[in-house]
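The values are calculated or read from the model by the stated rules, or taken from the named source; none is laboratory data. Given the structure is predicted, the values throughout are model-derived calculations rather than measurements. Every residue, glycine as well, gets a Cβ built from its backbone with ideal geometry; the counts of neighbours run over all protein chains shown.
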Amino acid sequence: MHPLAEELNAFLAPTVVGRTLTKFGRRIYFPRGIVAQSAEAKKSATTFNATVGIAMTDGEPMILPTIQDNLPRLSPSEATDYAPTGGDARLRTLWKTSLIAKNPQLSEDQLSLPAVVPGITAGISLAADLFIDEDDCVVFSDLCWDNYPLIFDTRAQAHCATFSLFTPENKLNVKGIVDTLRSNARRNKAVLVLNFPHNPTGYTPTETEARDLAQQLTALAAEGLNLVVFFDDAYFGLFYEKDVYKHSLFNLLYNAHENLLAVKLDGATKEDYVWGFRVAFLTLAAKGLSAEHFSALDQKILGTIRTVMSNSSRVGQTLLYKELSSLVYHGIKDKFAKVLEERYRSVRALVATAPAVLRPLPFNSGYFMTFELLKGDAEVLRKELLRTEGIGTIALQGHYLRIAYSSVDNRDLSELYTTIFAVAARLFSA
């Protein structure tokens, strides 16, 4: 093992990070080579900087006019220069500040500096590299984003176990989550993936449910289980009901126990309506971690990023930094959120008229809602809607149909839902 990796491992060994790192996570380190030396030179080489393989003229990266013409307000450096491995330092700091503003229980000195990754998918995969070994236990809900099985089962080759998201009373299944973790833990370690607002159901826990879950997970850690909790917060902020917990559950668990490592994955993709930017963030926290621990962990994260994609898009980071720094940012973002909430309210009224064959699962946030088919096949319904009506929906697990009302104008939602209802009734109500 490389001496730099051994040095990091020895320092992290007494913490939950050291106890939960994968074999790869123990091997990885950030080399003191080209990238590290270039970063050092960027700070100190005031005469000439001949470290990075980039074509420069007059101190700026060369840029084709056809590119520059489409980026009239950005300098060549802001548009085309390499970004640091962990992301633009200004943006990382600004995102950390925004995390604390959105999640008021967070303490700045008890969080890692968010690392920039090219989308939440990449962030989840990178975190899996560090904390999920072959045959580790990974727990997530039965209804889930289809990338979870692909990342955790196919790619990481972990043992995956699922829990029912809802109880028969349509409440968050807190007991099911805890029981699944306890019964599937391996080598005194388990990984839990939480995704709220949830894809595909559009559900976020209530205040009571969120605090109950946090209390139960903290109790599991106190029993001695090394617990890694991934918070996939892709749709954060889109909360439409008063009783919803309007912060990330990371807010409740980031400093809960020395055996609980909190891994937050979020980004601009949905929060800031820039889907194609592929700018997301990976932030970690656990009770008892010091600034020095976070620095060592950052070296592990940077090394992992370096081995996979080297760095993330400079132009996306530049534009996001400018957006987040704008005086009109929050006002514009609030207007967009109100548009989505208006669609939610319309859908909430429409599902009350659904035929008996379609049962809406609980939803209160995000982009989606999902029907459970009490009779018939969701794939048959999906194909029929597409073939006869030109309507695209998503069929899941044979008897669930997901509808992304976020992508349909409010004026068209009534037509969308009444058509779905009519086709479902025609196919399955006889």
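Would you please list the contacts, defined by Cβ atoms under 8 Å and residues six or more apart or on different chains, that run from a residue in region 153-165 that is within 8 Å of Val138 (Cβ to Cβ) and touching a residue at least 12 places away in the same chain (Cβ under 8 Å) to a residue that is part of a strand (DSSP E or B) and among the charged types (D, E, K, R)? Between residues of region 153-165 that are within 8 Å of Val138 (Cβ to Cβ) and touching a residue at least 12 places away in the same chain (Cβ under 8 Å) and residues that are part of a strand (DSSP E or B) and among the charged types (D, E, K, R), the close pairs are His159/Arg186. Only one entry of Val380, Val408 meets the criterion of being crowded, with 17+ Cβ neighbours inside 10 Å, among the β-branched types (Val, Ile, Thr), on the phi < 0 side of the Ramachandran plot and in contact (Cβ under 8 Å) with a residue 40 or more places away in the chain, and that entry is Val408.
Scanning region 269-287 for residues that are surrounded by fewer than 24 Cβ atoms within 10 Å (Cβ to Cβ) and modelled with pLDDT under 95 yields Thr269, Lys270, Glu271, Asp272, Tyr273, Val274, Trp275, Gly276, Phe277, Arg278.
Could you identify the single residue in Ala101, Ala41 that is surrounded by fewer than 21 Cβ atoms within 10 Å (Cβ to Cβ), part of a helix (DSSP H, G or I), at pLDDT below 75 and not aromatic (Phe, Trp, Tyr)? Give the steps one after another, and end with the answer.
Values: Ala101 fails: at pLDDT below 75.
Of the residues listed, the single one that is surrounded by fewer than 21 Cβ atoms within 10 Å (Cβ to Cβ), part of a helix (DSSP H, G or I), at pLDDT below 75 and not aromatic (Phe, Trp, Tyr) is Ala41.
Would region 61-75 turn up any residue that is at pLDDT below 90 and assigned to a strand (DSSP E or B)? Yes, some residue in region 61-75 is at pLDDT below 90 and assigned to a strand (DSSP E or B).
Of the residues screened, Leu350 is not one that is among the aliphatic types (A, V, I, L, M) and out of contact with any helix residue (DSSP H, G or I) (no Cβ under 8 Å at 6 or more places or on another chain). Thr370 fulfils the conditions (1) closer than 18 Å to Glu241 by Cβ; (2) part of a loop (DSSP other than H, G, I, E, B) except for a single criterion, (2).
Scan region 171-183 and tell me whether some residue there is buried (at least 23 other Cβ atoms within 10 Å of the Cβ) and either on the phi > 0 side of the Ramachandran plot or modelled with pLDDT of 95 or more (or both). Walk me through it before giving the result.
We begin by selecting, within region 171-183, every residue buried (at least 23 other Cβ atoms within 10 Å of the Cβ); these are 172.
Cutting the leftovers down to either on the phi > 0 side of the Ramachandran plot or modelled with pLDDT of 95 or more (or both) gives us 172.
Yes, because at least one residue in region 171-183 is buried (at least 23 other Cβ atoms within 10 Å of the Cβ) and either on the phi > 0 side of the Ramachandran plot or modelled with pLDDT of 95 or more (or both).
Candidates Val351, Val315, Val339, Val308: the one that is surrounded by fewer than 21 Cβ atoms within 10 Å (Cβ to Cβ), out of contact with any Gly (no Cβ under 8 Å at 6 or more places or on another chain), farther than 23 Å from Ala234 by Cα and of a type in the set (A, V, I, L, M) is Val351. With respect to (1) touching a strand residue (DSSP E or B) at 6+ places or on another chain (Cβ under 8 Å); (2) in a helix (DSSP H, G or I), the lone exception for Arg359 is condition (2). Residue-level check: of (1) part of a loop (DSSP other than H, G, I, E, B); (2) on the phi < 0 side of the Ramachandran plot; (3) of a type in the set (Ser, Thr, Tyr); (4) out of contact with any strand residue (DSSP E or B) (no Cβ under 9 Å at 6 or more places or on another chain), Ser346 misses just (1). Of everything listed in (1) closer than 30 Å to Arg359 by Cα; (2) surrounded by fewer than 20 Cβ atoms within 10 Å (Cβ to Cβ), the single unmet condition for Glu108 is (1).
Let's see how each residue does on (1) more than 25 Å from the chain's Cα centre (by Cα); (2) at pLDDT 90 or above; (3) assigned by TED's automatic domain parsing to the domain that holds Pro200:
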residue: Val308; (1), (2), (3): no, no, yes
residue: Gly316; (1), (2), (3): no, no, yes
residue: Tyr344; (1), (2), (3): no, yes, no
residue: Pro362; (1), (2), (3): no, yes, no
residue: Ala378; (1), (2), (3): yes, yes, no
residue: Leu385; (1), (2), (3): yes, yes, no
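Would you say Ala234 is small (Gly, Ala, Ser) and closer than 30 Å to Val347 by Cα?
Values: small (Gly, Ala, Ser): yes; closer than 30 Å to Val347 by Cα: yes.
Spelling it out, Ala234 is indeed small (Gly, Ala, Ser) and closer than 30 Å to Val347 by Cα.
In region 302-351, how many residues are among the basic types (Lys, Arg) and within 16 Å of Glu271 (Cα to Cα)?
Here is the first cut: in region 302-351, the ones among the basic types (Lys, Arg) are 306, 314, 322, 333, 335, 338, 343, 345, 348.
If we keep only those that are within 16 Å of Glu271 (Cα to Cα) as well, we get 322, 333, 335, 338.
Residues meeting the conditions: 4.
Looking at region 153-235, what strands (runs of 3 or more DSSP E) fall wholly within it and have at least 2 residues that are within 17 Å of Ala128 (Cα to Cα) and within 18 Å of the chain's Cα centre (by Cα)?
Values: elements: 159-163, 189-195, 226-232.
Here the list reads 189-195, 226-232.
Scanning region 221-238 for residues that are modelled with pLDDT of 95 or more and on the phi < 0 side of the Ramachandran plot yields Ala221, Ala222, Glu223, Leu225, Asn226, Leu227, Val228, Val229, Phe230, Phe231, Asp232, Asp233.
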